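Contents: one structure, followed by commentary.
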Amino acid sequence: MEKIKTLRGFRDIYGDEVEKFRYIEEISRKYLGLFGFKEIIIPVLENTGLFVRSIGDTTDIVEKEMFTFRDSGGDSVTLRPEATAGMVRAYLETGMYAKERISRLFSIGPMFRHERPQKGRYREFRQIDVEVFGIEAPIIDAELIWMISLMLRSMGMQGYTIEVNSVGCPECREGFKGLMMEYFNTRRDGLCEDCKRRLERNPLRIFDCKNPGCKEISSASPLLFDNLCDHCKTHFDEFLNYINEFGIQTNVNKRLVRGLDYYTRTVFEVVSGSLGAQNAFLAGGRYDHLVQSMGGPSVPGIGFAIGVDRLSLLLELPDSKNDTAIFLAYLGERAKRLIVPLMKLFSENHLRLSYLPEAKSLKSQMRYADSLGVDMALIIGDDEIDKGQVIVRDMVQGNQTILPLDQTSLVENLKGLFKR
Ligand code: HAM
């Protein structure tokens, strides 16, 4: 029979990788708590319209990458390609906007994009998504980047760059449009078919095109950064001042563009040289008009998402936690009857006890204990039971000790023995 496999771009996450996911999540949660963020769990499946309206109908995500289908009721639904759209919807739908002046929210979960799979790029991937609603002042932009650098430091991350830019507001874009149209119109023939269309509908998206010809043309184009309106320019300068005050190293990359339409003003990406083509493992920015464009009041927003799958490719796990692992090797039926009482005793005292059910020989049990990497093995046979003893083998040093087989003192004795 043909084996059923995972879909292309989907995968099982296990072993060290799952430990890294937990590690990233644990540290992120710690800092998110410290900075006053509250968790929210939002649906994975939403109305397609939510993403079309927020991310933009000329973006790659909406044009090519969404998992969209009709449900049995005939409605068009989409597996979320990112979380910001759903966070804004939830912020409005729960009425949070009316209850608090500032909302700091985060959400963790899988996202889905029908992209061409490669290293660090999957069709299902996990994000830690972080959003702040209600602050226009650029101090929050810098505060978020400070929090990010603390998180990354705590994870032991090195060798990354924080790239920042401003993509302005609709006003500066309107002013810039003429300049940009003139530049691209005279080079129209060199653009791909998609970009020729973009030129009519949403010329800024040309900067996001991966086609080598388009990339080359846009690399010499005039820059929106050099044409920001006074408000946006001041906002960005103040942001950079705060960044300096925090003492964070960032790199202003005037050509940094984001693949989603909702961004205004500050945008940023954290990139690593060792990731290859998919080099951003964290990205975000400000979206001051998104809440309003989704039917809400005029509330500014800013946020980012950690790409957990990519970050885990870069991380080394710290030495595993120091909880002592114990193995029980038993010989004969009487010793086997000790599995349950010892399991109860050890687990109630937060000690991990493993054993080999249906074990045949001592040798096979010790081989199994070795493969588990346990700290010590308890060896009990008829002889030990008769004498009221247990043999304790230190699996790291190789030496053996004998302890009384006594439920009241055994745990304390073992803990004393293995205080390294
Ligand atoms: P994004 O840049 O599309 O932004 O995604 C954020 C991060 O998710 C990327 O930097 C990357 O690490 C990871 N990522 C994206 N696509 C994939 C993929 N196919 N496979 C693996 N990892 C991937 C957003 O999603 C925005 N919603 C971030 C945001 C929040 N902006 C404001 N608030």
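The values are calculated or read from the model by the stated rules, or taken from the named source; none is laboratory data. What you see is a predicted model, and the numbers here were worked out from it, not measured in a lab. Please note: Cβ atoms are built from the backbone with ideal geometry, for glycine as well, and neighbour counts cover all protein chains shown.
Within the set of pairs 6+ apart or on separate chains, which have a first residue in segment 284-298 that is in contact (Cβ under 8 Å) with a residue 12 or more places away in the chain and hydroxyl-bearing (S, T, Y), a second that is away from the ligand (no atom under 15 Å from the Cβ) and assigned to a loop (DSSP other than H, G, I, E, B), and C-beta atoms under 7 Å apart? Matching pairs, first to second residue: none at all. If you go through segment 263-283 and keep only what is within 8 Å of the ligand (Cβ to nearest atom) and out of contact with any Asp or Glu (no Cβ under 8 Å at 6 or more places or on another chain), you end up with Y263, Q278, F281.
Taken across segment 347-362, residues that are within 16 Å of the ligand (Cβ to nearest atom) and not polar (S, T, N, Q) do not occur at all. When Y263 is evaluated against the numbered criteria (1) out of contact with any strand residue (DSSP E or B) (no Cβ under 6 Å at 6 or more places or on another chain); (2) modelled with pLDDT of 95 or more, which criterion, by number, is the only one it fails? Among (1) out of contact with any strand residue (DSSP E or B) (no Cβ under 6 Å at 6 or more places or on another chain); (2) modelled with pLDDT of 95 or more, the lone unmet condition for Y263 is (1). Look at (1) assigned to a helix (DSSP H, G or I); (2) in contact with a Phe, Trp or Tyr (Cβ under 7 Å, 6 or more places away or on another chain) and you find that M366 fails only one, number (2). Residues in segment 83-98 that are among the hydroxyl-bearing types (S, T, Y), surrounded by fewer than 19 Cβ atoms within 10 Å (Cβ to Cβ) and in a helix (DSSP H, G or I): Y97 only. A search for C-beta distances below 7 Å between a residue of segment 270-281 that is closer than 10 Å to R310 by Cα and free of Cβ contacts under 8 Å to residues at least 40 places away in the same chain and any residue that is near the ligand (Cβ under 9 Å from one of its atoms) and of a type in the set (D, E, K, R), counting only pairs 6+ apart in sequence or on different chains, returns A280/E269.
Being under 22 Å from I128 (Cα atoms), surrounded by fewer than 19 Cβ atoms within 10 Å (Cβ to Cβ) and modelled with pLDDT of 95 or more: is that true of F67 here?
yes
The sole residue among L317, L328, L311 that is more than 9 Å from the ligand (Cβ to nearest atom) and at pLDDT 95 or above is L328. In segment 380-420, which residue that is hydrophobic (A, V, I, L, M, F, W, C) and in contact with a Phe, Trp or Tyr (Cβ under 8 Å, 6 or more places away or on another chain) is nearest to R334 (Cα to Cα)? So, considering only residues that are hydrophobic (A, V, I, L, M, F, W, C) and in contact with a Phe, Trp or Tyr (Cβ under 8 Å, 6 or more places away or on another chain), the one nearest to R334 (Cα to Cα) is I380.
For segment 105-146, the set of residues classified as more than 8 Å from the ligand (Cβ to nearest atom) and small (G, A, S) consists of S107, G109, G134, A137, A142, listed by residue number. Considering each residue of segment 50-61 in turn, at least one proves to be away from the ligand (no atom under 15 Å from the Cβ), in contact (Cβ under 8 Å) with a residue 40 or more places away in the chain, buried (at least 16 other Cβ atoms within 10 Å of the Cβ) and in a loop (DSSP other than H, G, I, E, B).
Name the single residue, out of those in segment 124-156 being among the charged types (D, E, K, R) and surrounded by 21 or more Cβ atoms within 10 Å (Cβ to Cβ), that is farthest from the chain's Cα centre (by Cα).
D141
Note on segment 127-154: residues that are in contact with a Lys or Arg (Cβ under 9 Å, 6 or more places away or on another chain) and either among the acidic types (D, E) or farther than 22 Å from E82 by Cβ (or both) amount to 5.
Out of contact with any strand residue (DSSP E or B) (no Cβ under 8 Å at 6 or more places or on another chain) and more than 30 Å from I102 (Cβ to Cβ): does that describe M1? It is true that M1 is out of contact with any strand residue (DSSP E or B) (no Cβ under 8 Å at 6 or more places or on another chain) and more than 30 Å from I102 (Cβ to Cβ). All conditions but one from (1) out of contact with any helix residue (DSSP H, G or I) (no Cβ under 9 Å at 6 or more places or on another chain); (2) away from the ligand (no atom under 13 Å from the Cβ); (3) outside any loop (DSSP other than H, G, I, E, B) apply to G73; the one that does not is (3). Every listed requirement among (1) under 24 Å from F112 (Cα atoms); (2) within 14 Å of the ligand (Cβ to nearest atom) is met by S293 save one, (2).
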